[in-house]
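Worksheet for the structure shown next.
The values are calculated or read from the model by the stated rules, or taken from the named source; none is laboratory data. Quick caveat, the model's predicted, so the values are computed rather than measured. Positions of Cβ are generated from backbone atoms using ideal geometry, with glycine treated the same way; all protein chains shown enter the neighbour counts.
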Amino acid sequence: MSKWSFCKETSSAVVLVELICEKLKGSIVEAVCTKTAIDLAGEMRCSFLAFSENRLNLEKHVLKSLAEKEIFYSYIIYLCQPRRHVESFIKNEVNKYIYTDHREKAQNILKKNVDDIKNQISRALFVATEEVKTQQGDLEMWLQKFSSLLKDVLAFSSIYSENFTDVNDFYFLKKGIEERLIPVFEDMKKHSLDKMKEFREQPDQILIKQLCDCCWETCPFCAAVCTNTAKDHSPNKHSVPFHRPSGIQGWHDLETLDLCVDFCTTKVVSDRLFRPRPGSEEFIPYKIYQTAGGEYEKWLITADGSNLTYWKWFLCRFQKELEDCHHLKFEGSGEIPSDWREYTKEEAIQSLDEMYK
């Protein structure tokens with residue numbers, strides 16, 4: 001038992017110290033974990049390449065990760081539910097960064113935040129005690145001052161001073177609280193980083209909010225995700241720097257049922273037609289695709305013939321899986337060009353850098 005508890009103070013003062021410390025304890029743990037989550041998210045935004053720039057940069061690293069793993073099912077999730085896949089990518093990379101690759105750094109950030117909270121509480125105790133002494137205030141004034149100094153740091157619920165009218169030794173309160181909190185801070189420094197998972201703010205969720213609060217509309221032909229960083233960017237149309245062969249999404253020749261290998265940027269300068277909706281009797285020239293209305297008129301597909309080696313490699317690497325998925329073939333008018341088969345995975349990944357040119 002510490003020396004302060006042997007002081008000849010009223011029992012109510014000891015009770016008040018215990019009450020204040022009990023209220024502070026839970027708030028300290030939450031404040032440290034929340035601040036650590038925010039700091040770790042900020043650290044990753046600065047030092048982790050996939051999160052350090054814009055949405056296009058994130059897309060590049062997501063595609064790189066998919067190619068490195070070469071798991072078709074993961075590609076299907078990305079192609080069909082891009083936001084779900086990107087959020088999963090962020091969660092996995094955050095867990096790997098914090099709990100494996102940079103665990104010591106993350107633990108040190110937590111320890112630093114424990115020290116910061118400790119210093120802020122000590123300062124609040126000192127200031128409140130000195131001001132009450134100078135102004136000859138009472139316990140209510142001390143509690144109000146102490147609480148106000150910590151309101152931006154901790155959630156400290158009210159304590160009714162009328163229950164402790166005989167408490168007037170504020171140095172006793174200050175010293176008692178400081179000593180009573182020592183084991184709390186020591187224990188916090190030993191906490192596992194998993195403690196953060198008990199609270200609302202978590203590094204992966206912070207990064208998801210920052211990186212995924214954007215447009216997720218997909219190209220009606222190839223399902224490439226609009227890269228505009230604004231969720232609602234009307235009247236500006238949706239766009240992407242690079243489209244994909246629409247056969248990846250199951251688009252095929254209306255007569256032969258051959259899957260398409262053409263990129264959208266090539267199609268919009270062709271004389272070919274498409275049916276805008278399943279079962280529709282209407283056929284629209286690709287050159288005037290926006291006249292099809294609906295989702296088609298909201299997209300701007302530049303007729304520059306641009307394409308990305310990455311998707312040529314993907315089409316060759318997973319040709320059979322795509323054909324099985326759509327129950328159609330890349331043959332006839334949709335035969336994959338032979339030179340596409342010469343691209344390596346390394347060249348495919350390297351081509352992603354073109355997204356920044």
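Structure data summary
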{"item": "Residue in the range 317-324 that is closer than 25 Å to ARG84 by Cα, at pLDDT 95 or above, outside any loop (DSSP other than H, G, I, E, B) and within 27 Å of the chain's Cα centre (by Cα) present", "result": "no"}
{"item": "Residue that is nearest to HIS243 (Cα to Cα) [pool: residues in the range 325-357 that are in a helix (DSSP H, G or I) and hydrophobic (A, V, I, L, M, F, W, C)]", "result": "MET355"}
{"item": "Single residue of the range 311-357 satisfying the filter (touching a strand residue (DSSP E or B) at 6+ places or on another chain (Cβ under 7 Å) and among the hydrophobic types (A, V, I, L, M, F, W, C)) that is nearest to LEU257 (Cα to Cα)", "result": "LEU328"}
{"item": "SER246 being closer than 20 Å to TYR75 by Cα and polar (S, T, N, Q)", "result": "yes"}
{"item": "Residue within the range 235-242 that is within 21 Å of HIS85 (Cα to Cα), in the same structural domain as ALA106 (by TED's automatic domain parsing), at pLDDT 85 or above and polar (S, T, N, Q) present", "result": "no"}
{"item": "Residues located in the range 68-84, provided they are in a helix (DSSP H, G or I) and of a type in the set (Asp, Glu)", "result": "GLU68"}
{"item": "In the range 327-339, the residues that are without any contact (Cβ under 8 Å) to a residue 40 or more places away in the chain and closer than 30 Å to HIS61 by Cβ", "result": "ASP339"}
{"item": "Top-ranked residue of the range 275-296 - restricted to ones that are at pLDDT 90 or above and among the hydroxyl-bearing types (Ser, Thr, Tyr), ranked as nearest to the chain's Cα centre (by Cα)", "result": "TYR296"}
{"item": "Residue check, THR165 modelled with pLDDT of 90 or more, farther than 20 Å from GLY26 by Cα and of a type outside the set (Gly, Ala, Ser)", "result": "no"}
{"item": "Residue list for the range 199-250, filter: within 16 Å of TYR296 (Cβ to Cβ), within 24 Å of the chain's Cα centre (by Cα) and assigned to a loop (DSSP other than H, G, I, E, B)", "result": "GLU217, CYS219, ALA223, ALA224, CYS226, SER239, VAL240"}
{"item": "Positions within the range 52-96 being surrounded by 13 or more Cβ atoms within 10 Å (Cβ to Cβ) and hydroxyl-bearing (Ser, Thr, Tyr), in sequence order", "result": "SER52, SER65, SER74, TYR75, TYR78, SER88"}
{"item": "Residue in the range 90-97 that is under 23 Å from LEU150 (Cα atoms) and either outside any helix (DSSP H, G or I) or out of contact with any Pro (no Cβ under 7 Å at 6 or more places or on another chain) (or both) present", "result": "no"}
{"item": "So ILE288, is it part of a helix (DSSP H, G or I) and closer than 26 Å to LYS69 by Cβ", "result": "no"}
{"item": "From GLU43, GLU87, residue being closer than 26 Å to GLU354 by Cα, modelled with pLDDT of 90 or more and part of a helix (DSSP H, G or I)", "result": "GLU87"}
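Yes/no matrix, rows are residues, columns are (1) touching a residue at least 60 places away in the same chain (Cβ under 8 Å); (2) of a type outside the set (A, V, I, L, M):
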site: LEU63; (1), (2): yes, no
site: ALA67; (1), (2): yes, no
site: ILE71; (1), (2): no, no
site: TYR78; (1), (2): no, yes
site: VAL86; (1), (2): yes, no
site: ILE98; (1), (2): yes, no
site: HIS102; (1), (2): no, yes
site: GLN107; (1), (2): yes, yes
